[in-house]
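Data block below; observations after.
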Amino acid sequence: MHWQMKGKSRVFAAASLTNAMQDIATQYKKEKGVDVVSSFASSSTLARQIEAGAPADLFISADQKWMDYAVDKKAIDTASRQTLLAIAWSL
């Protein structure tokens, strides 16, 4: 993938994905030899940091609204946007 630079990938991910992303990063390192440097926070915080110029190779938002925000601000490559997860709640 084009976002893998110098053996490291910088991932900004929603705090609710911390455990899953840490497991994925460990497995990715084993399989691809690429270190994943993760930053976890609210989707709004991450989107605003990216808009302000924070270096992120991958942004995983827990809220579509904040992904839309990043697109509207031209902070991300819209061609790379994909829906990765959906969470269904039942009561």
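The values are calculated or read from the model by the stated rules, or taken from the named source; none is laboratory data. Remember, it's a predicted structure, so these values are computed and weren't measured experimentally. We place every Cβ from the backbone using ideal geometry, glycine too, and count neighbours over all the protein chains shown.
From the set of residues in the range 66-79 that are part of a helix (DSSP H, G or I) and free of Cβ contacts under 8 Å to residues at least 12 places away in the same chain, which is nearest to Ala14 (Cα to Cα)? Top of the filtered list is Asp68. Within the range 34-51, residues that are closer than 21 Å to Lys74 by Cα have Cβ atoms under 6 Å from residues that are surrounded by fewer than 15 Cβ atoms within 10 Å (Cβ to Cβ) in these pairs: Ala41/Ala15; Ser43/Asp63; Glu51/Lys73, counting only partners at least 6 apart in sequence or on another chain. Filter the range 55-80 down to the residues that are over 20 Å from Gln22 (Cβ atoms) and surrounded by 13 or more Cβ atoms within 10 Å (Cβ to Cβ) and list them by number. Within the range 55-80, Asp63, Trp66, Met67, Asp68, Tyr69, Ala70, Val71, Lys73, Ala75, Ile76 meet the criteria.
For the range 8-37, the set of residues classified as surrounded by fewer than 17 Cβ atoms within 10 Å (Cβ to Cβ), β-branched (Val, Ile, Thr) and within 14 Å of Ser61 (Cα to Cα) consists of Thr18 only.
Of all residues in the range 33-44, exactly one satisfies the criterion of being out of contact with any helix residue (DSSP H, G or I) (no Cβ under 8 Å at 6 or more places or on another chain) and of a type in the set (A, V, I, L, M, F, W, C), namely Val37.
Let's see how each residue does on (1) out of contact with any helix residue (DSSP H, G or I) (no Cβ under 7 Å at 6 or more places or on another chain); (2) assigned to a loop (DSSP other than H, G, I, E, B); (3) at pLDDT 95 or above:
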{"residue": "Ser9", "(1), (2), (3)": "yes, no, no"}
{"residue": "Thr18", "(1), (2), (3)": "yes, no, yes"}
{"residue": "Thr26", "(1), (2), (3)": "yes, no, yes"}
{"residue": "Glu31", "(1), (2), (3)": "yes, no, no"}
{"residue": "Ala47", "(1), (2), (3)": "no, no, yes"}
{"residue": "Ile50", "(1), (2), (3)": "no, no, yes"}
{"residue": "Pro55", "(1), (2), (3)": "yes, yes, no"}
{"residue": "Ser90", "(1), (2), (3)": "yes, yes, no"}
